[in-house]
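Trainee: Quick one: the structure is below, questions incoming.
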Amino acid sequence: MSDWMGSGHLLHLRWDLDKTYLRTDFDSLKDLIKTYRQKAEDKVAIVGARSLMQALLDPHERRKRRVTFISGSPTQMRAVLTRKLRLDGIEPDLFILKPNLSNIISGRVRSIRGQVGYKLGALMRSYVGATDLDELLFGDDAEQDAFIYSLYADILAGRVDAVQLASILGACKLYRAEVDEVMSLHGRLFNTGDAVRRIFIHLEARSPLDRFAPYGARVVPVYNYLQAALVLHQGEVLRARDIVSVLEAMSVAGYTPARLANSVQDLVRRGVVAVADLERLAGELAAVETTRGRTVSTFIQRLRSTVADLHHVRRKSPEWLTEINYLGLYHSARFRRTRHRFLGIPLLD
Amino acid sequence: MSTIVIDTCAGEDQGREALAAAAIASLDLDVQMVVVGDEDEITSALDGLAHDAERLRVVHAADPLPENVDPRDIRQAAPRSSIAVGLELTARDPDAIFVSAGQPAAIVSLALQTLGRLPGVDRAALAAVYPTLRHRGPNDDPFALLLDVGATIECTSEHLLRFAAMGAAYASKISSVERPRVGLLANGNNPANAPLRVREAHHSLRGRDLPFEYIGLMRGDQVTHGEADVIVTDGFSGDVLVRTLEGVAATADALIRRAEARFKWRLGVQMLGGGIAKLREFTDWENYGGAPLLGLDRPVIVTQANSGSRAFVNAIRLGAKMQRLGVISAVAEAVMTSTAALGEEEPS
């Protein structure tokens, strides 16, 4: 299976907003109110996210790229969020927000917190009619993004049939109307193409990596956006100079050379990026270096020493899985949440 | 920011607890973790641990420590052991701290071969903390310091004098005691009965103007009273003493457990439950982190062989605190000051 996109395809970037693109705290009601009242100018993007997005939406490539934001934030925040993205130089093609007010009015309490019905439905609706499309999805570990994105990808790839989907939606306790909509979209989208190339999960909560292993190689947990950029460079979606932009943004934000090098080492140890690809990148960066400052030369130096340190590592790349036990994954996540709520056991244990 | 180099080839569960502590520290503390051990095993274990990969670097070093080898020859016999590599990394980074639960003799020997010694110091001392009845300093610290507990088995009076200066400087920084009270461990309070090295050290310290207060010779039973903030002894006696104290605490704990098992006593034990829990907390060595090896130009912390993640996390905290408070330079300065003071003519 060729795991990266073919040339000439339209590349659709799907981004979650809170904790994926924006640094957001909504762990308490106070945080939630603060987030709601925040002005666009006060909202802060996660380090490197803006640079990565700008590199992906390079004007030369823009006509071949689409970007959709699907956020759990309420529709009432559209103006401020759109303004924030505009301030960052990002014009999304589609911006989907959660209709929380109508959920409250119609008494759909579970839909206010739940993400599966809303996000899966939004992803599927916005795919209807698409052809020759490759997708890159960006989410985080605070919600159920890996689960929802993988399920969506497997529906498109024809690996989750209607019976399986119905039982998954039943377990997720979706409302009838939500189930009906998702099932009807499934009828139109099932087996229309294996479009999702990678699902990047920003490890905002620093969840253990083995939580994502059951989803296979398609899901790539990343600690920061340099890691995502390196994977995208390996897949030839980004060029070396795009890596430089992300690198510089992170360096300005206070990332030390040691932290950046550790991020690279982590990817190699996990088998996500090969040592040979890093060697290639070091060579390409050296060509860019002439126009850039010390950040790049220090990074190249660290990159080369990381490569030398890991010469013994012969790690197999994570495998692509054709069968994912969605019901099992849903129940184990639910068990963890229940254990946390009633026994106080940390979610990360 | 401190760099904590941690050896993951020793400790409870074959070093897994050390790795768990490194993972916790990468999330909770503002430190850079360097994890030394078998890279393959570390990477697969890290998959199941919440950690911050940005603050954690893995260095492969998996030579097993040879058995029955003179500690001085370990470096040659196992140049890529986790202790040897960890100490080399520590030597290269001025902000680094080394933490290991490996064999103390191997750590001491390799540390002396790899790291620099402070000026005026020719022997290192392993300093253990233990709880006492008297609390000290503005933080109400219940711990006193005992050194040496095994790094230098054969000591001269000169070594004891350096240990006194180093221990006092350490206690002054860590427990914020302005002028620590230092005692020499002996077999009685009468100097005439003490061994020659202790007698000589006693005479040198008595009546001198030093950055610490010398309170004289102390018997073993006075150690836990807390009259002294620092007790100085040779590595042999210190090791015996600290293990005796641990043994007594463990025996007391075993006796309580035995009492809990007896039906007639159970109620009484339950009524004392809160107090017993506090006592256990007080005497639980995992709370103290580990023993710093003093006299070197980098902090080295030796934890017990059966250390769990809590002990390692506390050792990491201690190391970071030592770095933050500039303990090493304070110890170096104290050694210089004391050497100068002790070099003056003996007071009449």
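Trainee: Wholly within segment B:220-296, which helices (runs of 4 or more DSSP H) include no fewer than the required count, namely at least 2 residues that are in contact with a Ser or Thr (Cβ under 7 Å, 6 or more places away or on another chain)?
Mentor: Qualifying helices (runs of 4 or more DSSP H): B:235-261.
Trainee: Moving on to the next point. Give me the residue from segment B:105-142 that is open to solvent by 60 Å² or more (accessible area, probe 1.4 Å) and under 17 Å from residue B:325 (Cβ atoms) and, out of that set, modelled with the lowest pLDDT.
Mentor: Here the residue is B:139.
Trainee: Please specify each residue of segment A:260-279 satisfying the condition of being of a type in the set (Lys, Arg) and in a helix (DSSP H, G or I).
Mentor: The one that is of a type in the set (Lys, Arg) and in a helix (DSSP H, G or I): A:269.
Trainee: Checking residue A:322 against (1) open to solvent by less than 60 Å² (accessible area, probe 1.4 Å); (2) not in a helix (DSSP H, G or I): exactly one of these is not met. Which one?
Mentor: All conditions pass for residue A:322, except number (1).
Trainee: Quick one: how many residues across segment A:212-223 are in a helix (DSSP H, G or I) and buried (at least 23 other Cβ atoms within 10 Å of the Cβ)?
Mentor: 1
Trainee: Looking at segment B:301-322, which of its residues are within 16 Å of residue B:34 (Cα to Cα) and open to solvent by 40 Å² or more (accessible area, probe 1.4 Å)?
Mentor: Correct list: B:317 only.
Trainee: Is one or more of the residues making up segment A:224-234 hydroxyl-bearing (Ser, Thr, Tyr), within 14 Å of another protein chain (Cβ to nearest Cβ), under 20 Å from residue A:138 (Cα atoms) and not in a helix (DSSP H, G or I)?
Mentor: No.
Trainee: Please go through (1) open to solvent by 50 Å² or more (accessible area, probe 1.4 Å); (2) part of a helix (DSSP H, G or I); (3) closer than 30 Å to residue A:161 by Cα for residue A:328 and return the number of the only condition it doesn't satisfy.
Mentor: Unmet for residue A:328, out of (1) open to solvent by 50 Å² or more (accessible area, probe 1.4 Å); (2) part of a helix (DSSP H, G or I); (3) closer than 30 Å to residue A:161 by Cα: (1).
Trainee: Scan segment A:182-211 for residues that are in a loop (DSSP other than H, G, I, E, B) and open to solvent by 20 Å² or more (accessible area, probe 1.4 Å) and jot them down.
Mentor: Within segment A:182-211, A:190, A:191, A:192, A:193, A:194, A:204, A:205, A:206 meet the criteria.
Trainee: Read through the list (1) open to solvent by 40 Å² or more (accessible area, probe 1.4 Å); (2) farther than 27 Å from residue B:105 by Cα, then give the number of the only condition that residue B:243 fails.
Mentor: Residue B:243 satisfies every listed condition except (2).
Trainee: With the structure loaded, tell me whether residue B:75 is over 22 Å from the mean Cα position of the chain (by Cα) and in contact (Cβ under 8 Å) with a residue 24 or more places away in the chain or whether it fails that test.
Mentor: yes
Trainee: Right, next: Name the residue that is surrounded by the fewest Cβ atoms within 10 Å (Cβ to Cβ), counting only residues in segment A:237-262 that are of a type in the set (S, T, N, Q) and facing another protein chain (nearest Cβ under 9 Å).
Mentor: A:256
Trainee: All but one of (1) within 26 Å of the chain's Cα centre (by Cα); (2) open to solvent by 60 Å² or more (accessible area, probe 1.4 Å) hold for residue A:265; state the number of the condition that does not hold.
Mentor: It is condition (2) that residue A:265 fails.
Trainee: Looking at (1) touching a Ser or Thr at 6+ places or on another chain (Cβ under 8 Å); (2) closer than 17 Å to residue B:288 by Cα, find the lone condition where residue B:129 falls short.
Mentor: Single failed check for residue B:129: (1).
Trainee: Now a separate question. List the strands (runs of 3 or more DSSP E) that sit entirely inside segment B:1-104 and contain at least 2 residues that are more than 14 Å from chain A (Cβ to nearest Cβ) and buried (at least 23 other Cβ atoms within 10 Å of the Cβ).
Mentor: B:2-7, B:96-100
Trainee: Here's something else I'd like to know. Got a number for residues in segment A:268-299 being open to solvent by 10 Å² or more (accessible area, probe 1.4 Å) and more than 15 Å from residue A:227 (Cα to Cα)?
Mentor: So the answer is 17.
Trainee: Does segment A:115-125 contain at least one residue that is of a type outside the set (Asp, Glu), modelled with pLDDT under 90 and more than 24 Å from residue A:194 (Cβ to Cβ)?
Mentor: Looking through segment A:115-125, none of the residues is of a type outside the set (Asp, Glu), modelled with pLDDT under 90 and more than 24 Å from residue A:194 (Cβ to Cβ).
Trainee: Just to be sure I understand the filter: pairs with C-beta atoms under 7 Å, separated by 6 or more residues or on different chains, first member in segment A:320-349 and away from every other protein chain (no Cβ under 14 Å), second member open to solvent by less than 80 Å² (accessible area, probe 1.4 Å) and of a type in the set (S, T, N, Q). Which pairs pass?
Mentor: Hits for this filter: A:324/A:150; A:327/A:167; A:333/A:144.
Trainee: Residues in segment A:141-178 that are surrounded by 18 or more Cβ atoms within 10 Å (Cβ to Cβ), touching a residue at least 24 places away in the same chain (Cβ under 8 Å) and part of a helix (DSSP H, G or I): how many?
Mentor: Total satisfying the criteria: 15.
Trainee: Still on this structure: May I ask you to verify whether residue A:218 is more than 14 Å from chain B (Cβ to nearest Cβ) and under 15 Å from the mean Cα position of the chain (by Cα)?
Mentor: For residue A:218, the condition - more than 14 Å from chain B (Cβ to nearest Cβ) and under 15 Å from the mean Cα position of the chain (by Cα) - is met.
The values are calculated or read from the model by the stated rules, or taken from the named source; none is laboratory data. Everything quoted here is computed from the prediction, not taken from an experiment. Backbone-built Cβ (ideal geometry, glycine too); neighbour counts: all protein chains shown. Side chains included, ligands, DNA and RNA excluded: accessible areas come from the protein's heavy atoms. Shrake-Rupley method; radii C 1.70, N 1.55, O 1.52, S 1.80 Å.
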